[in-house]
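**Q** Next up is a structure, given as C-alpha cells.
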Amino acid sequence: MKNTLLASLLCIAATQVYAGDTLKIAITGPFSGGSAPMGTSMRDGAKLAIAEINAAGGVSVGKTKMKIEVVERDDEGKNDRGALIAQELASMDDLSGVIGTVNTGVVLAGDKHLQEKGITRIITPAAGSASMTQWVNKADKPGAKDLSIFRFAAHDGIQAAMVVEDAIKRKFTKVALLHDSTNYGVSGRDDLLDQIKKQGDKLEVVATEKFNIGDKDMTAQLLSAKAKGAQAILIWGIGPELAAVANGMAKNGLKVPLIGGWTLSMSNFIDNAGSNGNGTLMPQTFIEEPITPRVKSFIESYHKAYGVTRIPSPVSAAQGYDAVLIFAAAVTQAQSTDTHKIKDALEDLKAPVKGVIATWKQPFSKWDPANVQTHEAFRREQAVMGMVSDGRVVFADSADRARLVKSMK
Amino acid sequence: MSVIVQLVVSGALMGMVYALIAYGFQLTYSTSKSINFGQGELVMLSAFVSLSLINTGLPYWLVVPGGLLFGVLLGLFVERAAVRLALEQKGEGWILLTVIFGLLGFSAAENIWGRDDRPFPTPVPSDPMHFFGIGITPLEISVAIGVLAVMGMVELFKRKTLLGKAFEAVSADRDAAGLMGVSATRIIMLSYGLSGLVAAMAGILVAPITTVGPTMASALILKAFSVAVVAGLDSGFGVVVVGLFLGALESLASFYIGSGWREAPGLILLIMALALRPNGVFGKASIRKV
C-alpha cells in the first residue's frame, strides 16, 4: 500500500516535470458524423507534423527543445459541443494554442470564449466567411481591437469567387444555386450571390434551392433547376447531401456540371456519389499528387501512418500539417510557450515556413479590424480548381500544377 | 407535365418507406394498443446488422433473411423487456420503456459502429432508367416491391392462417378472444415480432438510399408516425395510400412553394386529420361501452 502510494506520488511528480517541458496544443474538430472526413484528416495531418517535430527533438525554445503535447476534442460538428469545448480549453492555464474545427457554426459558437482569454487559435479547415468577419468593424459595432484568432483555410470569399469565375469561364449564363440550411450553406449562398454581382452580373440565378442535413431525395430542387434551364449547379453543402444531389442529377437526367465549395472533395461525397460524381469541380488548396519531393513525402507518410491509400480529405490534412508547422515556427520566434507571445509572433512571422501547400512567407500580419485579410493566410493564388475523377481529386487545369510547384520554392 | 409526374413518383417512393414503418406501428397497436417508440432504432439497428453481415462476405440473399431474423428477435426482446410488464399492470409504462429502449439502441449503435454514415452495398443497380421522360432507378423499384411484398405477406398471414385469425381476434377484442382460448400474451408477442420484421425490412430497403448511420431513421420515423396517425392506427393498407400521398405532397410542396417548406404540408395534414378524423382517415371509429 505504502509502495503504491509512493509510486503514484512519484508518477504525479514526474508528469508535472514533464508538463513543464512540453508545448500543449489542442486539436478540435468533428471526428465523427458527416463532417468527420475533414475533421479526422485535419487532426491526422496535424499529428503527423507533431510526430515529425517531436521525433526531431521538439520545438526549440531558448536552449531547450520542447515536445508538443496534444489535447484532442471531438465537437461532433455540433455547435453546442463546440461551445462547451471552447469553454473548457479557455480555462486551461498552460494551453499554448488551439488548432482546428471544420464547421463554421461550431467556430461561431466557441471562438468568443477563446478570444476573451486571448488564446491563440488557428481555424482550419472551416471556410465559412463568418468565422472571421464576426470580428471586423460593423456599422453598429466596432470589431475586436486585438484578435487572437487566425484562419488557415481558403475562406468562402475566395472559393465563391473561383466558383463564379469558373462558371463564367465555361460560358454559362444561367445557373441554379443549391445550399444546405446550416450556417455554412447559407453564408456560402450569400458569398456566391455577392461574387456574381461583383464579377459583373454575367450569371443569371434561375433558381435558389435549399436542403436540410439528412435529406436524401433532392428531386424537387433539381427539377426546379432543370425546368428553369440551369446550365450549371453551384452548390454549398457537405458530403452526404452533396452525394444525394449528384445521384439525383443522374436520376433526373440533369447533365450539367456541379461546381461548389471545397467540400465536394470529401471522401463521403466521392464514395457515395460514385461515377455520378465524376467531373465535379471545386476549389482546393491541396491535390493529392506528388508534385514536389516535399509533397510526395507528406502523402507517403500519411498513407503509411494511417494505413490508407487515399487521404479522406487531402485539403484538411495538408492544412492541418502546415498549420502546425507555422504554429511551431511562431513558438520558436516567440521563444515562449505563452499563448499571447505566440500570437504576436504569428502576426509577424520572420522565417519562411516550408509547408506542403506553399512556402509561407509572413502568412499573417498585425490585426486590423477594418481588414479581415490581416488574419487570413490564404489568398487566391494558393487555391486551384480540382476535379473529381474516378474516386480521386485531380487538377482541373494542368497549368495550376506548374504554378503550385513554383510557389513551393 | 413530366415534371409533376417525376415529382409525384419520386416522392411517392419515399412515401412507401414511411408506409412500411407506419405499418410496424399498426401491428403492435392493433393487438396491444401499445406502440414501440424505439421503432426507428429497430430500423437502424437491423440495417447496421445487415451491413455487418454483408461485410463478413455473406451473399445478399442470405443477408436479407439474417437481417430480418435479427429484427424479429429485437422486436420480441422489446416486447419482453419493455412492454409485457406494463401491459400486465394495465399501465402506460411502455411509453417510457420503449423510448428508453430506443435511446439505448442509439447509444449502442454509436459505440459499436461509430457515428459515421456508411454506404450500404446492394446488388440492385442505381443507374436510372427512363420511362416517358421519368427517371427512376431499379433501386427505387425494389423498395416499392419490397414494401408491398412484405405487407402483403403479413396481411395474407393474418387472413389465411389459424394463427393469423387469432391475431385478428385479439385485435378485435382482447378479452373475448381470451375467453375463446386465444392467449393474448402470445399474440402480442407475435405482433411485436412481426413489427420487428417489418422494421428490419424497412431498414434493409431504405439503407442503400439513405446510407447507414445512427441517425438514419430519425427523420423517417416522425413521418412514419404521422402517416400511421393520419391513416388511422388500425387501417391496414390505409397507410400505403397516406404514405404515397404524403411523400408526393412533400415533393410537390418543395418544388412549388419552395424547398424550405417541404415538411409543412405533412404537418398541416396531421393537424387536420387529428381535428377532423381523430381515428384516422381509414380508421374505424371505435365504440366504447362504459
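A short reminder: the numbers here are calculations on the coordinates, not readings from a lab. Remember, it's a predicted structure, so these values are computed and weren't measured experimentally. Here the Cβ is made from the backbone with ideal geometry for all residues, glycine too, and neighbour counts use every protein chain on show.
**Q** Using a Debye calculation, one point per C-alpha and no hydration shell, please list log10 I(q)/I(0) for region B:109-225 at q = 0.13, 0.19 Å⁻¹ in order.
**A** For the requested q values the scattering log ratios are -0.71, -1.05.
**Q** Which whole-angstrom value gives the distance between the alpha carbon centres of region A:233-311 and region A:152-174?
**A** Each part's Cα centre sits 17 Å from the other's.
**Q** Residue B:279 to residue B:185: extension gain in nm, 0.36 nm per residue of separation minus the Cα-Cα distance?
**A** Full extension of this stretch gives 31.3 nm more.
**Q** Looking at the calculated P(r) for region B:42-182, what percent of the C-alpha pair distances fall above 25 Å?
**A** When every Cα pair of region B:42-182 is considered, 50 percent fall beyond 25 Å.
**Q** Antiparallel DSSP bridges in region A:57-184: what percent, to the nearest 5?
**A** Around 35 percent antiparallel, to the nearest 5.
**Q** Could you give the length gained by full extension between residue A:381 and residue A:146, i.e. 0.36 nm per residue of separation minus their alpha carbon distance, to one decimal place?
**A** Between residue A:381 and residue A:146, full extension yields an extra 81.9 nm.
**Q** Moving on. In whole Å, largest first, what are the principal axis extents of the Cα atoms in the protein assembly as shown?
**A** Extents along the principal axes: 92, 80, 54 Å.
**Q** Go through region A:280-290 residue by residue and turn each phi into a ³J(HN,Hα) via Karplus (6.51, -1.76, 1.60, θ = phi - 60°); whole Hz please, and just put x for glycine and proline.
**A** Result, rounded to whole Hz: 5, 10, 7, x, 9, 9, 8, 10, 6, 9, x.
**Q** Return the calculated 222 nm mean residue ellipticity for chain B, to the nearest 500 deg cm²/dmol, obtained by summing -39500 (n - 2.57) across DSSP H runs with n ≥ 4 and dividing by the residue count. Please list the in-between numbers first.
**A** On the way: 12 runs with 206 residues, N = 290.
After summing the helix terms and dividing by residue count, I get -24000 deg cm²/dmol.
**Q** Another question about this same structure. Once label points are set 7 Å from the Cα along Cα→Cβ at both residue A:194 and residue A:67, what is their separation, rounded to one decimal in nm?
**A** 4.5 nm
**Q** Out of the DSSP beta bridges found with both residues in the protein assembly as shown, what percent are antiparallel (nearest 5)?
**A** Here the antiparallel bridges make up roughly 35 percent for the protein assembly as shown.
**Q** Could I have the simple spin-label model distance between residue A:52 and residue A:116, label points 7 Å from Cα toward Cβ, reported in nm to one decimal?
**A** A separation of 3.7 nm, rounded to one decimal place.
**Q** Just from the alpha-carbon atoms, what are the Rg and Dmax of region A:323-397 in angstroms?
**A** 15.5, 47
**Q** Still on this structure, I have one more. Put a dot 7 Å past each Cα toward the Cβ at residue A:303 and residue A:92; how far apart are the dots in nm?
**A** 3.3 nm
**Q** Ok, one more. Identify all lysines with a Cα-Cα distance to residue A:350 below 19 Å; exclude those on the same chain that are fewer than 8 residues away in sequence.
**A** Candidates past the 8-residue exclusion: A:341, A:361, A:366, A:409.
**Q** Moving on to the next point. Provide the descending list of Cα extents for region B:198-241 along its principal axes, expressed in whole angstroms.
**A** So the extents along the principal axes, rounded to whole Å, are 30, 17, 14.
**Q** Whole-Hz ³J(HN,Hα) for each residue in region A:168-183, computed from phi via Karplus 6.51 cos²θ - 1.76 cosθ + 1.60 with θ = phi - 60°, x for glycine and proline: what do you get?
**A** 5, 4, 7, 6, 7, 10, 10, 10, 10, 9, 10, 8, 8, 8, 7, 3
**Q** For chain A, what is the mean residue ellipticity at 222 nm derived from helices alone (per DSSP H run of n ≥ 4: -39500 (n - 2.57); sum divided by total residues; nearest 500 deg cm²/dmol)?
**A** It lands at -14000 deg cm²/dmol.
**Q** Please work out, to two decimal places, the log10 of the ratio I(q)/I(0) at q = 0.10, 0.13 Å⁻¹ from a Debye calculation in which every Cα of chain A carries one identical scatterer.
**A** The Cα Debye sum returns log10 ratios of -0.65, -1.07.
**Q** Between residue A:169 and residue A:392, what length comes free when the chain is fully extended (0.36 nm per residue of separation minus the Cα-Cα distance, one decimal in nm)? Let's see the in-between values first.
**A** Working: separation 223, 0.36 × 223 = 80.28 nm, distance 2.35 nm.
77.9 nm is the gain from fully extending residue A:169 to residue A:392.
**Q** Using r as the Cβ-Cβ distance of residue B:56 and residue B:76, and R0 as 22 Å, what FRET efficiency do you calculate, to the nearest 0.05?
**A** Once rounded, the FRET efficiency stands at 0.40.
**Q** P(r) tail for chain B, what percent of Cα pairs lie past 34 Å?
**A** Value for chain B (Cα pairs over 34 Å): 19 percent.
**Q** Please list, short to long, the whole-number percent of alpha-carbon pairs of region A:263-390 in consecutive 10 angstrom bins beginning at zero.
**A** The percentages, shortest bin first, are 12, 35, 31, 17, 5, 0.
**Q** Can you run phi through the Karplus equation (6.51, -1.76, 1.60; θ = phi - 60°) for region A:149-155 and list ³J(HN,Hα) in whole Hz, with x for Gly and Pro?
**A** Calculated HN-Hα couplings, in order: 9, 10, 10, 10, 6, 6, 5 Hz.
**Q** Right, here's the next one. Return the long-range amide H neighbours of residue A:24 (sequence gap of 5 or more, or a different chain), with a cut-off of under 5 Å between placed amide H atoms.
**A** Placed amide hydrogens put A:69, A:96 under 5 Å from residue A:24.
**Q** Within region A:124-194, which trypsin sites (Lys or Arg not before Pro) sit in a loop by DSSP and count at most 12 neighbouring Cβ atoms inside 10 Å?
**A** Values: sites: A:138, A:145, A:151, A:169, A:170, A:171, A:174, A:189; in loops: A:138, A:145, A:170, A:171.
Sites meeting the loop and neighbour criteria: A:138, A:145, A:170, A:171.
**Q** Which is the longest stretch in chain B that no exposed loop site breaks, taking sites as trypsin sites (Lys or Arg not before Pro) with a DSSP loop state and at most 15 other Cβ atoms within 10 Å?
**A** B:91-283
**Q** So if we plug the beta-carbon distance of residue A:370 and residue B:107 into 1/(1 + (r/R0)^6) with R0 = 56 Å, what FRET efficiency do we get, rounded to 0.05?
**A** Using R0 = 56 Å, I get an efficiency of 0.70.
**Q** Quick check: the distance between the Cα centres of region A:113-150 and region B:96-174, to the nearest angstrom?
**A** Centre-to-centre (Cα) distance: 48 Å.
**Q** Apply the a/c threshold of 1.5 to the C-alpha gyration tensor of region B:1-104 and tell me whether it is rounded, prolate or oblate.
**A** Here region B:1-104 falls in the oblate category.
**Q** Return the FRET efficiency for the residue pair residue B:257, residue A:21: r is the Cβ-Cβ distance, R0 is 60 Å, and the value is rounded to the nearest 0.05. Mind showing how you got there, number by number?
**A** Values: r = 63 Å, r/R0 = 1.05.
Efficiency for this residue pair is about 0.45.
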